[in-house]
1. How many of the residues making up the range 365-375 are over 15 Å from H168 (Cβ atoms) and surrounded by fewer than 15 Cβ atoms within 10 Å (Cβ to Cβ)?
2. Within the range 88-102, count every residue that is crowded, with 24+ Cβ neighbours inside 10 Å and over 14 Å from the mean Cα position of the chain (by Cα).
3. For the range 311-333, indicate whether the set of residues that are surrounded by 21 or more Cβ atoms within 10 Å (Cβ to Cβ), part of a loop (DSSP other than H, G, I, E, B), in contact with a Ser or Thr (Cβ under 7 Å, 6 or more places away or on another chain) and modelled with pLDDT of 95 or more is non-empty.
4. Suppose we keep only residues that are in contact with a helix residue (DSSP H, G or I) (Cβ under 7 Å, 6 or more places away or on another chain) and part of a strand (DSSP E or B) within the range 341-364. Which one would you say is surrounded by the fewest Cβ atoms within 10 Å (Cβ to Cβ)?
5. Tally up the residues in the range 107-125 that are buried (at least 24 other Cβ atoms within 10 Å of the Cβ) and among the polar types (S, T, N, Q), please.
6. What are the residue pairs meeting all of these: first residue in the range 146-161, first residue under 17 Å from R179 (Cα atoms), second residue in a loop (DSSP other than H, G, I, E, B) and among the hydroxyl-bearing types (S, T, Y), Cβ atoms under 7 Å, and 6 or more apart or on different chains?
7. Any chance you could count how many residues in the range 229-250 are in contact with a helix residue (DSSP H, G or I) (Cβ under 9 Å, 6 or more places away or on another chain) and part of a loop (DSSP other than H, G, I, E, B)?
8. List pairs: first in the range 23-41 and in the same structural domain as E63 (by TED's automatic domain parsing) and surrounded by 13 or more Cβ atoms within 10 Å (Cβ to Cβ), second polar (S, T, N, Q) and modelled with pLDDT of 95 or more, Cβ under 6 Å, 6+ apart or cross-chain?
Amino acid sequence: MSFRGTGKDSTERLQVKTVTTLPRPITDYQSLSAEELFERTRAAKRALGEQVMVLGHNYQRDEVIQHADFRGDSLILAQVAEQRSDRPYVVFCGVHFMAETADVLSRSNQTVILPDMAAGCSMADMAAIEQVEQCWDALGRVVPVEETVMPAVYVNSAAILKAFCGEHGGLTCTSSNARKVIEWSWARREKILFFPDEHLGRNTANKMGIPREQMIVWDPYMPRGGNSVEAIQRAKLILWKGHCSVHQMFQPSHIDYFRKQHPEVTVIVHPECHEDVVNKADLVGSTEYIIRTITAAPAGTTWAVGTELNLVNRLKHEQTDKKIFFLSSTVCQCATMYRIDAPHLCWALENLADGHVVNRIVVPDDEKQLAKVALDRMMALS
């Protein structure tokens with residue numbers, strides 16, 4: 001898997017000390033016990049002190065997130081990196097696009113590190129910049145695209161796609177502010193190109209009462225996205241054919257099962273789920289919304305949760321006064337997020353303590369500036 005925005009070789013020397021050794025190889029860590037990895041990671045963090053900040057995404061495994069200084073959703077963590085500019089090194093335990101966003105928002109004195117470069121995102125990979133540019137050109141042969149179509153990209157996307165939106169007057173969105181972004185966009189242009197998650201776009205539009213005939217799906221592998229000229233002209237919302245591999249796994253039958261087994265259950269799901277699941281759920285919201293809602297719920301309540309498995313298991317462990325179930329009988333785990341493990345985190349931190357920066361994330365300056373424009377437009381809506 002290849003990524004844009006890695007910028008530099010995987011090793012880079014720190015300026016804070018003289019380096020006389022080569023970087024330690026990851027293979028030295030893969031056979032270590034959990035106990036040794038824990039102690040060595042803690043020791044490396046202690047040695048680095050105020051120089052480093054470890055950020056852990058909510059979907060991370062426990063062996064990693066236990067070392068996080070902050071945990072949360074991807075955008076919240078990127079904003080933390082920006083706000084804590086006193087920490088020159090940011091070790092982002094998430095996936096590639098999240099570390100890119102942190103690099104876009106961080107200060108010039110900060111370095112962002114991703115413990116495993118293979119930690120990508122299948123949904124982010126469903127919209128390549130070449131495909132988005134081809135879509136834009138194809139739309140331009142049907143409508144005056146710059147004047148009538150607003151590009152809106154989910155933050156779960158590569159920095160270069162955020163830069164595309166910044167360049168063309170558009171903005172980013174999150175699962176919690178998608179409605180605001182859609183309203184803002186329609187106030188300025190007739191149509192929206194919403195990518196790369198069609199489910200978040202459709203679920204938001206459904207909640208707003210947008211008729212189905214005003215939505216089309218753009219398949220990047222089909223001429224004109226698989227749509228007629230008339231359909232494109234009629235559409236108000238153009239949804240990219242993309243999805244989250246985790247949330248796609250939840251099915252309406254899973255909700256039926258829990259309602260039968262636990263009539264008192266409250267079903268809460270993420271808006272990246274298919275509309276058939278969202279329409280059957282009691283509550284729908286972002287990861288942070290799910291955490292807040294269940295945490296604030298009365299003791300003794302019963303919940304079936306449709307989001308990533310590590311987060312649901314953590315809620316079970318922390319909210320012991322409630323009954324919390326994972327909505328699916330199938331393991332719905334973010335496989336690419338799972339690549340960030342205890343060996344990779346320990347490897348990154350010990351190398352940093354030795355004076356080596358491994359796996360630095362660098363978004364090119366031109367992309368960074370335009371991506372920040374798109375992010376700033378979104379954050380101005382908050």
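1. Number satisfying all stated conditions: 1.
2. If we filter the range 88-102 for residues that are crowded, with 24+ Cβ neighbours inside 10 Å, which is where we start, we get 90-102.
Now narrow it down to the ones that are over 14 Å from the mean Cα position of the chain (by Cα): 90-91.
Result for the range 88-102: 2.
3. no
4. V358
5. Qualifying residue count for the region: 0.
6. Matching pairs, first to second residue: V155/T174.
7. Initial filter on the range 229-250 (in contact with a helix residue (DSSP H, G or I) (Cβ under 9 Å, 6 or more places away or on another chain)): 231-232, 234-244, 246-248, 250.
Now restrict to residues that are part of a loop (DSSP other than H, G, I, E, B): 235-236, 241-244, 246, 250.
Of the residues in the range 229-250, 8 are in contact with a helix residue (DSSP H, G or I) (Cβ under 9 Å, 6 or more places away or on another chain) and part of a loop (DSSP other than H, G, I, E, B).
8. P23/N351; R24/N351
The values are calculated or read from the model by the stated rules, or taken from the named source; none is laboratory data. In this text, all values refer to a predicted model and were calculated from it rather than measured experimentally. Note that each Cβ is placed from the backbone with ideal geometry, even for glycine, and that neighbours are counted across all protein chains shown.
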